[in-house]
Amino acid sequence: MKTELLIGNEWRAAARRYCLVNPATEEPLAEVAEAGEAEIDAAVQAARACLESKQWRELPARKRGLLLFRLADLLEQRANEIAEVETRNNGKPLFESKIDVAMAIETFRYYAGWADKLTGDTLPVSGNFFTYTLREPVGVVAAIVPWNFPLNLATWKVAPALAAGCTVVLKPAHETPLTALMLGELAIEAGFPAGALNVVPGPGSTAGAALVRHPGVDKIAFTGSTEVGRWIMREAAGTLKRVTLELGGKSPNIVFADADLAAAVRGAQNGIFYGKGEVCAAGSRLLVEKAVHDQLIEELAERAKKLTPGDPFEKNTRLGAIVSRRQQETVLSYIEAGKKEGARLVAGGNPAKVNGKGYYVEATVFDAARPGMKIVDEEIFGPVLAVLTFENEAQGIELANRSMYGLAAGIWTKDIQKAVARAIKAGTVWVNTYNFYDPAAPFGGYKASGFGRDLGREALDNYTETKTVWVGL
Ligand code: NAP
Ligand code: MG
């Protein structure tokens, strides 16, 4: 596969290359080009040239949509291969990578349909005027994404941006650039003009920062940590870039005593262990009403103990390898903190290897967790669940909202009154389900989880400017 930088539909060598490691085998996986400041500048210039060229600016919107449909078809043709690459690069089970690729395809098809449906309004102004609005592309978009859903989260930004007539410079996470490069390859094959989509792997501190500062970038679409999001917002002020931030989370999954407990246990398990817990919306705080606490903990611990880490390519594996040794160390340090701060370990808690290799961590459950503990207050981004207990509904809601984050939440109950999601400060609330996504459903945060929405019609607002036109009659 291609491992150079994609700039203006050409594969360009870089002054430096770096090595990727398969986290499940600890073996070298690939060597890819690393963008430096000069390459970032070239990519932004290619994107800007395309934006202002006839091939893109004057391309009828429906044809833009057609290019997106073609890209979706090409992704579909190579879906298995792309899923395998994602698994080798990220360590997630192949079962999950296939779901990721399927959603990427759906996302392109969803926004392909929007390309020719971005309409303005005619306005009932006073006076003798014909006044209307146009939706115009915001310009060159820098898409900066993390390593947990490398392809998927890239498409959440690339698809609406291209549909709206923007051009894109995509910087994948430095650990997981491979499927982003494949996406670039397929964009050329689909017929996108040179510069519409550029892909530039490289470290955030250099390649990412250069993009954030570049005066030729109009908008930054970022998914990643709250800490980096804050830095980007400050840095983008200098050039007044538009910014949307999809940041971290510490999402509460709230189980009321009247819930279907079997379903709630499954939901709690999937909420934290899907994607190895490296999921921004992971249900990492399980809040349980006291009356059902003992039963729920027992069943959950049982299930967690059975969820053993496995080879991501085995068809029954549901817990893969942590993305890197560094992330594994971070997760293990939180487990140590949980023990030290007095939470009760009821499942997992150890690093693991599969066939003697890999950066795995057992499915871990801490009971008797309380606010003030690191495992309750901080995002771990690993397969570690903190269970807290509450006495009544008001206390449950209060505990749910006691976090700087507000990305998502789950509510398990049969009582429609309790299912009312209004009291929860989060961008997504799942009722009697968890961790479902669809290109039509907006996703993003309240509070320190950021602002702006990916997906849905809402996301298109991030990639357009409104122009008001007054015609004197
Ligand atoms: P991160 O360190 O913030 O990195 C995210 C991306 O930003 C990576 O491409 C990274 O490059 C880049 N970056 C880092 N520093 C930068 C800088 N100074 N300027 C420009 N770009 C920079 O996050 P992460 O550790 O990879 O991912 C985990 C975080 O992402 C978690 O907090 C998680 O909650 C969040 N997340 C949020 C969502 C959501 O939709 N809300 C989804 C997934 C993940 P490098 O690869 O070189 O670090
Ligand atoms: Mg990072």
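Quick look at the values:
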| item | result |
| --- | --- |
| Single condition LYS339 does not satisfy, out of (1) in contact with a strand residue (DSSP E or B) (Cβ under 8 Å, 6 or more places away or on another chain); (2) outside any helix (DSSP H, G or I); (3) open to solvent by 10 Å² or more (accessible area, probe 1.4 Å) | (2) |
| Hits in segment 459-473 (condition: under 21 Å from LYS219 (Cβ atoms), open to solvent by 50 Å² or more (accessible area, probe 1.4 Å) and part of a strand (DSSP E or B)) | GLU465, THR466, LYS467, THR468 |
| Hits in segment 315-336 (condition: within 25 Å of PRO146 (Cα to Cα), surrounded by fewer than 18 Cβ atoms within 10 Å (Cβ to Cβ) and not polar (S, T, N, Q)) | ARG325, ARG326, GLU329 |
| Matching entry among GLU106, GLU96, GLU39, GLU84 (being in a helix (DSSP H, G or I), open to solvent by 90 Å² or more (accessible area, probe 1.4 Å) and on the phi < 0 side of the Ramachandran plot) | GLU106 |
| Residues of segment 231-251 that turn out to be surrounded by fewer than 17 Cβ atoms within 10 Å (Cβ to Cβ), more than 10 Å from ligand 1 (Cβ to nearest atom) and part of a helix (DSSP H, G or I), as a count | 4 |
| Near pairs, Cβ below 6 angstrom, 6+ apart or cross-chain, from segment 138-149 (of a type in the set (Phe, Trp, Tyr) and within 6 Å of ligand 1 (Cβ to nearest atom)) to any residue that is open to solvent by 20 Å² or more (accessible area, probe 1.4 Å) and assigned to a loop (DSSP other than H, G, I, E, B) | TRP147/GLU175 |
| Given (1) part of a loop (DSSP other than H, G, I, E, B); (2) more than 10 Å from ligand 1 (Cβ to nearest atom); (3) buried (at least 24 other Cβ atoms within 10 Å of the Cβ), number of the condition ASP258 does not satisfy | (3) |
| Residue tally, condition assigned to a helix (DSSP H, G or I), farther than 15 Å from GLU4 by Cβ and within 15 Å of ligand 2 (Cβ to nearest atom), over segment 194-212 | 6 |
| Criterion: at pLDDT 95 or above and closer than 15 Å to LEU183 by Cα - qualifying residue of GLU86, GLU96 | GLU86 |
| Check on LEU123, over 15 Å from the mean Cα position of the chain (by Cα), more than 16 Å from ligand 1 (Cβ to nearest atom) and within 20 Å of THR167 (Cβ to Cβ) | no |
| Segment 299-313, subset in a loop (DSSP other than H, G, I, E, B) and out of contact with any helix residue (DSSP H, G or I) (no Cβ under 8 Å at 6 or more places or on another chain), residue surrounded by the most Cβ atoms within 10 Å (Cβ to Cβ) | PRO309 |
| Residue satisfying all of: in segment 146-172; part of a loop (DSSP other than H, G, I, E, B) and open to solvent by less than 10 Å² (accessible area, probe 1.4 Å); nearest to ligand 2 (Cβ to nearest atom) among these | ASN148 |
| Those residues of segment 274-294 which are within 16 Å of ligand 1 (Cβ to nearest atom) and either modelled with pLDDT under 95 or not charged (D, E, K, R) (or both), in sequence order | TYR274, GLY275, GLY277, VAL279, CYS280, ALA281, ALA282, GLY283, SER284 |
| Selection from segment 203-230 of residues that are near ligand 1 (Cβ under 7 Å from one of its atoms) and closer than 22 Å to LEU181 by Cα | PRO203, GLY204, SER205, GLY208, ALA209, LEU211, VAL212, PHE222, THR223, GLY224 |
| Cross-chain or 6+ apart pairs with Cβ under 6 Å, segment 105-121 first and touching a residue at least 12 places away in the same chain (Cβ under 8 Å), then of a type in the set (Lys, Arg) | ALA115/ARG64; ASP116/ARG62; LEU118/ARG135; GLY120/ARG135 |
| Of residues in segment 5-36 being open to solvent by 30 Å² or more (accessible area, probe 1.4 Å) and among the aliphatic types (A, V, I, L, M), the one modelled with the lowest pLDDT | ALA15 |
| Residue within segment 177-193 that is farther than 19 Å from THR107 by Cβ, at pLDDT 95 or above, open to solvent by 10 Å² or more (accessible area, probe 1.4 Å) and within 19 Å of the chain's Cα centre (by Cα) present | no |
| Any strands (runs of 3 or more DSSP E) falling wholly within segment 368-458 and containing at least 3 residues that are aliphatic (A, V, I, L, M) and open to solvent by less than 60 Å² (accessible area, probe 1.4 Å) | 384-390, 408-412 |
| Qualifying positions in segment 213-230 - surrounded by 18 or more Cβ atoms within 10 Å (Cβ to Cβ) and either β-branched (Val, Ile, Thr) or assigned to a helix (DSSP H, G or I) (or both) | VAL217, ILE220, THR223, THR226, VAL228, GLY229 |
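Per-residue answers, yes or no, for (1) within 16 Å of ligand 2 (Cβ to nearest atom); (2) in contact (Cβ under 8 Å) with a residue 24 or more places away in the chain:
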site	(1), (2)
THR223	yes, yes
ARG230	yes, no
GLU289	no, yes
THR308	no, yes
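The values are calculated or read from the model by the stated rules, or taken from the named source; none is laboratory data. Since this is a predicted model, take the numbers as computed values, not measurements. In this analysis, Cβ positions are derived from the backbone assuming ideal geometry, glycine residues included, and neighbour counts consider all displayed protein chains. Ligands, DNA and RNA are excluded from the accessible area calculation, which covers all protein heavy atoms including side chains. Shrake-Rupley method; radii C 1.70, N 1.55, O 1.52, S 1.80 Å.
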